[in-house]
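Colleague: Have a look at the structure that comes next, please.
What follows draws every value from the coordinates through simple rules; no lab data is involved. Just so it is clear, the model here is predicted, and its values are computed rather than measured. Counting neighbours? That spans all protein chains shown, and the Cβs are built from the backbone with ideal geometry, glycine included.
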Amino acid sequence: MSRGLVFGLSGQVGQALLPLLGEVGPILAPSRWPQAPAPGVEWRHDSLEAFGAAPEACDFILSLGPLDAFAAWLQRTRPRRARIVALGSMGVRDKRDSPDARERELAARLAGAEQVLFAHGQATGAAVTVLRPALVYGGGRDRSLTPLAERARRWRLLPWPRGATGLRQPVHVGDVARAVRDCLQAEASHGRAFDLPGGERLRFDAMVACHLERHAPGARLLRLPDALFAAGARVAGRGEALRGWLWRARQDQVGELDEAAAAFGYAPRAFTP
């Protein structure tokens, strides 16, 4: 049976992956915080930044957290020939042209990290795959739909810019976890990056309204002219933070799933908040 090293197992995708680990072998998983025992998992109190070299008998390495931090670890430790599957983000493309310099810088970091991973694969012969999820939901730990629902439950009305209608393909955290597991043994995924969109395209406002119906019953969107919404954000001291978000909210952020479907059978569900 193969042995693996998994970074980010305590995160939202990692928690969805835990029930599937029996199918891929025993796992060593660093974590900054104590974790409940799990079959087949050896938790180690450590961080990605401080973690040393991968164990000699390590057959595969999964990165479920920040891709740039994992790329830095990879350059520092240079594990040999272990199969690597790492989560990136569709933000590598969607934030590349943002008016917010911080978002452009993030997209550049993601692109640079991907390059590091594939260069490592070419230099060592390791099989590397990068998976780029769209907006992830389903575990209650995301930083997009869950915070919006929390505000809506408090306020009963969620201010929303009328122009925020770009298409989205939210992907369930369970589908991301299965994609990580499934592409581990899929040779067709070696040396490639794949988008991981969800199985349904929705307008941004429709997606949020559907999520509120399930997680903030009785709350609704308060649709405002974009300029008024932006002015309110500035008054609240959040204008700069929302600048890139407002731009992206008008853009379609969709991906094609055909390549992932052909390479490792990716078949995400429709949006089910």
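Colleague: What does a probe at Ala111 reach in the stretch 221-248, counting residues whose amide N is under 18 Å from the point 7 Å along Cα→Cβ?
Modeller: 248
Colleague: Enter the angle in degrees (range 0 to 90, nearest 10) between the Cα long axis of helix 173-184 and the first principal axis of the Cα atoms of the chain, meaning the one along which they spread out most.
Modeller: Helix 173-184 sits at roughly 30 degrees to that axis.
Colleague: With mean projected area of the Cα convex hull in nm² as the read-out, I listed [x] 19.7; [y] 14.5; [z] 16.7; which label goes with the value calculated from this structure?
Modeller: Evaluating mean projected area of the Cα convex hull in nm² on these atoms matches [y].
Colleague: Could you please tell me the mean projected area of the C-alpha convex hull for the stretch 1-138, averaged over all directions and given in square nanometres to one decimal? Mind dumping the intermediate values first?
Modeller: Numbers: hull surface 34.8 nm².
Value for the stretch 1-138: 8.7 nm².
Colleague: Is there a quick way to get the dipole size of the chain? I mean about its Cα centre, with the Cβ of Lys and Arg at +1 and of Asp and Glu at -1; what is the value in debye to the nearest 20?
Modeller: On the way: 37 positive and 28 negative charges, 189 e Å.
So the magnitude is around 900 debye.
Colleague: Looking at Gln35, Pro79, Leu5, which one has the Cα that reaches farthest to the positive end of the dipole of the stretch 1-137 (charges on Cβ: Lys, Arg +1; Asp, Glu -1)?
Modeller: The residue sitting farthest along the positive end of the dipole is Pro79.
Colleague: Given Phe204, His172, Leu224, which one lies farthest toward the positive end of the charge dipole of the stretch 170-243, if we put +1 on the Cβ of every Lys and Arg and -1 on the Cβ of every Asp and Glu?
Modeller: Sorting the options by dipole projection puts first Leu224.
Colleague: Hey, another quick one. Would you mind checking the tilt of helix 145-155 against the longest principal axis of the Cα atoms of the chain, expressed as 0 to 90 degrees and rounded to 10?
Modeller: Roughly 30 degrees, rounded to the nearest 10.
Colleague: Once each part is reduced to its C-alpha centroid, what is the distance from the stretch 128-181 to the stretch 186-252 in angstrom?
Modeller: Using only Cα atoms to place each centre, the spacing works out to 8 Å.
Colleague: State, to one decimal in nm², a quarter of the convex hull surface area for the C-alpha atoms of the stretch 183-254, i.e. the direction-averaged projected area.
Modeller: Working: hull surface 31.2 nm².
That works out to 7.8 nm², a quarter of the Cα hull's surface.
Colleague: Taking the stretch 101-130, which GluC sites (Glu not before Pro) meet the DSSP loop condition and have no more than 10 other C-beta atoms within 10 Å? Walk me through the numbers on the way to the answer.
Modeller: On the way: sites: Glu103, Glu105, Glu114; in loops: none.
Those that pass, being in a loop and sparsely packed, number zero.
Colleague: Follow-up question, since we're still on this one. How big is the stretch 136-226 by the Kirkwood estimate over distinct Cα pairs, in Å?
Modeller: 14.7 Å
Colleague: Identify which of Pro170, Pro225, Pro30 has the largest mean-square fluctuation in a Gaussian network model of the chain, with springs joining Cα atoms closer than 10 Å.
Modeller: Largest GNM mean-square fluctuation: Pro225.
Colleague: Rounded to the nearest 20 debye, what is the charge dipole size of the stretch 211-273 about its Cα centre when +1 sits on each Lys and Arg Cβ and -1 on each Asp and Glu Cβ? It would help to have the intermediate numbers written out before the result.
Modeller: On the way: 9 positive and 7 negative charges, 97 e Å.
Dipole about the Cα centre, nearest 20: 460 debye.
Colleague: Which net charge results for the neighbourhood of Arg83, defined as the other residues with beta-carbon distances under 14 angstrom from its beta-carbon, given Lys and Arg at +1 and Asp and Glu at -1? Please report the intermediate quantities before stating the final value.
Modeller: On the way: positive: Arg3, Arg80, Arg81, Arg181, Arg192; negative: Asp59, Asp182, Glu187.
Result for the local shell: +2.
Colleague: When the chain is treated as a GNM, springs tying every alpha-carbon pair under 10 Å, which of Ala177, Ala119, Ala193 comes out with the largest mean-square fluctuation?
Modeller: Maximum fluctuation in the GNM of the chain, among the listed residues, is at Ala119.
Colleague: If you don't mind, another one. Once the dipole of the chain is set up with Lys and Arg at +1 and Asp and Glu at -1 on Cβ about the Cα centre, which of Ala260, Trp245, Gly52 lies farthest towards its positive end?
Modeller: The residue sitting most towards the positive pole is Trp245.
Colleague: Compute the signed sum of charges (Lys and Arg +1, Asp and Glu -1) over the other residues within less than 13 Å, Cβ to Cβ, of Gln12.
Modeller: On the way: positive: Arg141, Arg143; negative: Asp142, Asp175.
Counting the neighbours of Gln12, the net charge comes to 0.
Colleague: How big is the charge dipole of the stretch 118-245 about its Cα centre, in debye rounded to the nearest 20, if each Lys and Arg gets +1 on its Cβ and each Asp and Glu gets -1 on its Cβ? Please list the in-between numbers first.
Modeller: Details: 20 positive and 11 negative charges, 125 e Å.
Approximately 600 debye in magnitude.
Colleague: Picking from Leu196, Leu74, Leu117, which is most flexible by a Gaussian network model of the chain using Cα springs under 10 Å?
Modeller: Comparing Leu196, Leu74, Leu117 in a Gaussian network model of the chain, the most mobile one is Leu74.
Colleague: Another one. Please tell me the relative contact order of the stretch 61-104 in percent, rounded to the nearest whole number, where contacts are Cα pairs under 8 Å and at least six residues apart. Mind showing how you got there, number by number?
Modeller: On the way: 26 pairs, mean separation 18.1, N = 44.
Dividing the mean separation by the residue count of the stretch 61-104 yields 41 percent.
Colleague: On to the next question. Round to the nearest 10 and give me the degree value, 0 to 90, for the angle of helix 101-124's Cα axis relative to the longest principal axis of the chain.
Modeller: 20 degrees
Colleague: Grab the other residues whose beta carbon is less than 10 angstrom from that of Glu259, score K and R as +1, D and E as -1, and report the net.
Modeller: Details: positive: Arg192; negative: Asp195, Glu256, Asp258.
The answer is -2.
Colleague: List Val235, Val92 from most exposed to least, where exposure is judged by having the fewest other Cβ atoms within 10 Å.
Modeller: Values: Val235 9, Val92 22.
Listed from fewest to most nearby Cβ atoms, that is Val235, Val92.
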